Amino acid sequence: MPFEKVEPQADFPALERQMLELWVRVQAFEKLKAKNAGKPRWSFLDGPITANNPMGVHHAWGRTYKDAYNRYFAMTGHELRYQQGFDCQGLWVEVEVEKELGLKSKRDIENLVPGDIEASVNHFVQACKDRVNKFARVQTEQSIRLGFWMNWDRTDAEWAKSPDERHSYFTMSEENNYTIWSFLKKCHHKGMVYRGYDVMPWCGRCGVGISEMEMKEGYKLVEHRAAFVKFPLKDRPNENLLVWTTTPWTLTSNVGAAINPELTYLKVQLKGEIYYVAKGVFKQNRMESTGDTEEPEASAKAKRRDWLDGVPHLNTIEQMFKSKAGKEGFSIIGEIKGKEMLGWEYVGPFDDLPAQQHAFGFPEEVASIVEQRGWCPAKSGAESHRIITGGADVSESEGTGIVHTAPGCGQIDFTWGKENGLPPVAPIDDSGNFYEGFGSLTGKNATDSATADAIFDALKAKDRLFATERYVHRYPHCWRCKTELLYRLVDEWFINMGPKQTEDGFRGDIMKVVNKVTFLPESLNGRARERDWLWNMGDWMISKKRYWGLSLPIWVDDKDPTQFEVIGSREELKERAVEGWTEFDGHTPHRPWVDKIKIRNRQTGNLMSRIPDVGNPWLDAGIVAFSTMKYNTDRDYWNNWFPADFITESFPGQFRNWFYALLAMSTMMSDGLPPFKNLLGFATVKDQFGHDMHKSTGNSIEFVAAADKGGTVPDAKGNSTTFAPIGADVMRWLYCRHNPASNLNFGPIPANEVRGKFHIKLWNCYGFFVNYGRLDGFDPATPQAATLQDIDRWILSDLQGLITTARQAFESYNVMAFCLEAERFLDDRLSNWYIRRNRPRLQSNVSDLDTAGLADKWAAHQTLYTVMTTLCKLFAPVIPFLSEVMWQNLRTHQDPESVHLCDFPKADLKLVDEELSKDMDALLNLVTLGGAARNLAKIKFRQPLAELRVQPATEAVRRAVERFSDQLREELNVKGVRKHDETSPLLSASAKLNKKTAAAKLGPKLKEAEAYLATASALELADKLKLGPVEIVGIPLEGGDINIEYQAKAGWAGVADRGTQVAIDARVTEELAKEGLARDIIRQIQDHRKNSGLNMEDRISLYLHSDSAKLMVALETHREHIAAETLTTQWTQMPPADVAEVKIEGEMLSVSLRKTS
RNA sequence: GCGCGUAUAGCUCAGUUGGCUAGAGCGCAGCUCUGAUAAAGCUGAGGUCCUUGGUUCGAAUCCAAGUACGCGCACCA
């Protein structure tokens, strides 16, 4: 059965869409699963994609890896799960839904149905579910388009099912949520779940606490207004502490002032008042970033701190005193050790506020907890102002060495407060606005700069403001909405990870698991990174005061907030429920329905209510090694598929997010088993110039644009330009050939590059084979007698090497190694050597051949057929579409109906011939050298030459000259090839000065040097120059100063490489010249044929004439040859009307041709 | 500040266990070839393989220090 003709210009994206249809039509994926059912398992665990937006090209990188490795292990006979997952719950979705609904705050959410919080939350949660379903479906379609073979949900009926019943997994499924419950229960059993009352970073817009993991995402360099403030000391008239803060709003809640007892403080007198300030900071250059002032080298090594353009540099504190003092000046009147200052009382900056008058702190709920826990005596903030010790945490690297301490507004402040019995004053509500009790500030937002103005005005009015300045520092922002974070006293729920910087507790258990998994690529040191995170991380904050997410299964006693229980399953909840079960039943375990359930405290008999918090979304993603593998519902299944053999995700951030959650939860759930064996991390997709992709800058590319639609990106100058669709296989190759450890620049420029060097080349090889094969009626199903040539055996031998590389690369999760080797094979071996060399064999006319000739032709066809079909299979995991397109045309009826149903090739060692490979490499090198020699002689390839002579340096070259002399003759267009076996070298070398660079060095000695070089041994000189400069007439000269030229004897041109020397006879005899002209004539006629739209096999009648005797002589001498090459069957004597003029070696030739049949 | 990583041509990057004259693609200059044409080949210019020192017969490769950049951690009153 002959092949379908291959069109040279293929629309790859269109072909890909056809293959998608084909796969559905022939049920390729279903057949693959059936084929592998019951075979050894290879377990892949998908990291869930956030189902919140359409896919971008950055998602396609990981999904390409996932699919490529899945396909490889399927082709090598493994059963797979093919389950892909969606990340559904969390703030990402809430924020988008808020935008959709036009909501600005939590209050808006709770008022969606006016006056009915419960209905509002229900409405909002439903909107979140809807959004997830919508985009999960969009992403499903897009993933299918990428060629990602998974058990997708495709039909409306499938999407109408609950998330638990679909093929893909959804982290919002009941299974997933309840499995997390069982995890939390297990943690609670071990006493690791606790309620933390602490100052945490807080986003006022989202109304949530920000966990340690999340905070890392949001640091930005920003400007704040910092203030130096006077705290007047009681019992010491006209004496002040000088404190510094970058968050003026916290001054309202000042309770203490922390010093370092070991530091020395100065007493500075200015205009009748005395200021205390640490000695070490007084003259310090504050633009140099921190450094130990103890060390003398510190100043030398100090670095400029990061700063923003346009913000004035900081003054030293001394300068501030100078400028305030004016002519009067200031004076340092004494020093005092910090420890002597401890306990001094002072007047706070805002003691008139009601909030400062409340015993045990403020507001009331805070005060009641403080009282209950006994953190401080029954005093108000205003009554508590005094100097405390902050120990070594108070340094002289910033500020004044006296730290304003507001235990309700700062993490360390809170700790110091507890240690020193200071009551916390917590000024802001969950939106970041001041509570009642803060006078005129009440209702103002803490991040608002008008609030800072109000604070400064109030301080000025009391003469407490010493100075303000514009200060630049890295400050945390909400990773999602970019709002500045505030530190706020909150209660959140945590999992105790054990003591920091130890290998004890849960932390240490996870570390043991980390030691059991393989992190790839090695250069990333993934294990060390993961261990580093585990070593330093704080307790895991699992709560979030929001609406859409895992409902934390924690029920707290309505009357005793210290008593709580963790529920581990739906069944347990049902059993414990004393209220609300009927209303909840039939709903997913989400808000608001689950909130209705009350249980009874078995100890106190009180009702217990669920905390309103939802869970950290990394719990959702981290449990999937259990939930999706049916840990709680089908333990046999779990035993079969756990742990996963392989996971792969973009690594930035994941060592503290998904990888961490997966490892932590597995450690707990399985008592110390690793959740996966191999982890492949990969970096980030950047735009084609290496810049970050941002929607706002217009350089991000949506998946649909890259796959099918095309789009726009900025060009090098930043102007928007359109680009054509790139297609899935081009993307996939781009991703797979890339080093996963480094960022990938994506865009039309790299896509075109990769398409040009790989896809089109592959397509051309395929098209060439098919189009000639079908002309000859080559049918792979009915083999003909064939006699393999060396070159056939050679390409088959090298093909086995490629197969070996492929298997090794896939097995070690290093697909890049395979891709790079495949490119070399395709370009250097197949396209530019095998096919090019074998064109005559493949293009010859069957009818012109005798039996031997036919056998030779079939050998070429069969060899190339084997190569092409093997490549289809080798490439199938990486470029499933193009492989399939080719396979569909190449396969016989006995072959599998999809390339993806084939077995992955195995190297056949019987076909490997190392010596042949070496000899062929030598030949390729000789061809290059011969070409270089021709170039040197400035003789074009069409001009035949008499002889090529080779002086071999290795056995392989020696053999190649003998074995492949025909190839050399043809490639280099020479009449003969000879080995140079004489004792004298084939080439001589001469050295000449590169006067451009050497003249300046030599000066007047130039002539002397030239004379020396004329006599010196150039070959020796060349060797020395490689080692370094060589003294010539007393002046050191480098390689660049001297040109070494190899020279053949007169009339010859020669070059050398690694000892092998090649020379070509450059003398063009009259006979050779005539032959060359004949080739020129043939070339022009062929061009003319092609331009006239003739087919390759068309016969012509030809008219040729020239006034040039030279051309006519060449024409007459080689008339037969010209006729044969151009399929001329008739010569026309009279000039036809449509004569074209062409120029050959400056002479005009008239040409006219006509198709005869 | 601590830790990890990277540094190879104008750009993007390969370079196995140390080995002979360090490579590719793109870009640039020139030439060539062409019925594979969205082609292809050759040559050239362009390299302090970040710097310094060490190990070695031999270092882009191994070791140490330094510099620059990136990442992680800590700090950010």
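The values are calculated or read from the model by the stated rules, or taken from the named source; none is laboratory data. Remember, it's a predicted structure, so these values are computed and weren't measured experimentally. Methodologically, a virtual Cβ is constructed for each residue, glycine included, from the backbone with ideal geometry; neighbour enumeration extends over all protein chains shown. Each accessible area value is taken on the protein alone, full model and side chains, heavy atoms only, with ligands, DNA and RNA left out. Shrake-Rupley method; radii C 1.70, N 1.55, O 1.52, S 1.80 Å.
Annotations
- Selection of trypsin sites (Lys or Arg not before Pro), the range A:709-745, meeting DSSP coil and at most 12 other Cβ within 10 Å: A:K717
- Loop sites in the range A:99-202: trypsin sites (Lys or Arg not before Pro), DSSP, at most 16 other Cβ within 10 Å: A:K104, A:R154, A:K161, A:K190
- With both labels modelled 7 Å from their Cα along Cα-to-Cβ, the A:V113 to A:T468 distance reads 4.7 nm.
- Mean Kyte hydropathy of -1.0 or more with a Cα span along the axis of at least 24 Å, helices from DSSP in chain A: A:57-75, A:117-146, A:790-811, A:851-875, A:914-937
- Viscosity 0.890 mPa s, 25 °C: Kirkwood-radius Stokes-Einstein D of the range A:1-125 over Cα pairs, µm²/s: 128 µm²/s
- Of A:K5/A:K910; A:K66/A:K677; A:K134/A:K686, those spanning more than 23 Å from alpha-carbon to alpha-carbon: A:K5/A:K910; A:K134/A:K686
- All-pairs Cα distance distribution in the range A:804-855, expressed in whole percent, bin size 10 Å: 23, 28, 22, 18, 9, 0
- Sequence-ordered 3J(HN,Hα) estimates for the range A:644-650 from the Karplus curve with 6.51, -1.76 and 1.60 and θ = phi - 60° stand at 5, 6, 8, 9, 8, 8, 5 Hz, glycine and proline given as x.
- Point-to-point label distance, A:E1097-A:R41, nm (Cα→Cβ direction, 7 Å offset): 5.7 nm
- For the range A:365-464: rounded, prolate or oblate by the Cα gyration tensor [a/c cutoff 1.5]: oblate
- In the structure shown, the pairs A:K339/A:K500; A:K129/A:K161; A:K104/A:K545; A:K230/A:K267; A:K99/A:K220; A:K35/A:K873 are assessed against 18 Å; a Cα-Cα span above that value is assigned to A:K339/A:K500; A:K99/A:K220.
- Rg/Rh, computed from the Cα trace of the range A:1070-1155 with Rh as the Kirkwood radius, has the value 0.93.
- Scanning chain A for GluC sites (Glu not before Pro) in DSSP loops with at most 15 neighbouring Cβ atoms within 10 Å leaves A:504-981 as the longest stretch between them.
- Alpha-carbon Debye profile of the range A:403-506, log10 I(q)/I(0) at 0.18, 0.21 Å⁻¹: -1.17, -1.42
- Approximate spin-label separation A:K234-A:T442, in nm, with each point projected 7 Å along Cα-to-Cβ: 2.6 nm
- Among the trypsin sites (Lys or Arg not before Pro) within the range A:932-978, those in coil by DSSP and having at most 12 neighbouring Cβ atoms inside 10 Å are A:K938, A:K940.
- The translational diffusion coefficient of the range A:72-200, from Stokes-Einstein at 37 °C and 0.692 mPa s with a Kirkwood hydrodynamic radius over alpha carbon pairs, comes to 186 µm²/s.
- Helical mean residue ellipticity (222 nm; -39500 (n - 2.57) per DSSP H run of 4+; nearest 500) of chain A: -11500 deg cm²/dmol
- Nonpolar atom fraction for the range A:1070-1155, defined as the carbon and sulfur part of the 1.4 Å probe accessible area, stands at 47 percent.
- Förster radius 41 Å - calculated FRET efficiency between A:E364 and A:N151 (Cβ-Cβ, nearest 0.05): 0.15
- Rolling a 1.4 Å probe over the heavy atoms of the protein chains gives the range A:765-914 an accessible area of 38 Å² per residue.
- Percentage relative contact order, the range A:1070-1155, counting C-alpha pairs under 8 Å, at least six apart: 40 percent
- Ranked from largest, the principal axis spans of the Cα set of the range A:516-626 equal 56, 31, 25 Å.
- The range A:25-85 - Debye-derived log10 I(q)/I(0), Cα point model, q = 0.19, 0.25, 0.26 Å⁻¹: -0.77, -1.06, -1.10
- Per residue, the average separation of C-alpha pairs within less than 8 Å and at least 6 apart gives chain A a relative contact order of 11 percent.
- Here the ratio of the Cα radius of gyration of the range A:765-914 to 2.2 N^0.38 Å is 1.04.
- Volume per residue of the convex hull around the Cα atoms, evaluated for the range A:160-241, comes out as 220 Å³.
- Efficiency of FRET from Cβ geometry, A:D1138 and A:E100, R₀ 51 Å, rounded to 0.05: 0.15
- Once the chain from A:K1110 to A:L221 is taken as fully extended at 0.36 nm per residue, the excess over their C-alpha distance is 312.1 nm.
- Surface/4 estimate of mean projected area, convex hull on alpha-carbon atoms of chain A, nm²: 63.2 nm²
- Computed over all pairs of different Cα atoms, the Kirkwood value for the hydrodynamic radius of the range A:497-552 is 12.9 Å.
- Entry note, the range A:349-394: relative contact order of 35 percent, from Cα contacts under 8 Å with a spacing of 6+ residues.
- Once the Cβ-Cβ distance of A:E4 and A:N53 is raised to the sixth power relative to R0 = 45 Å, the FRET efficiency obtained is 0.65.
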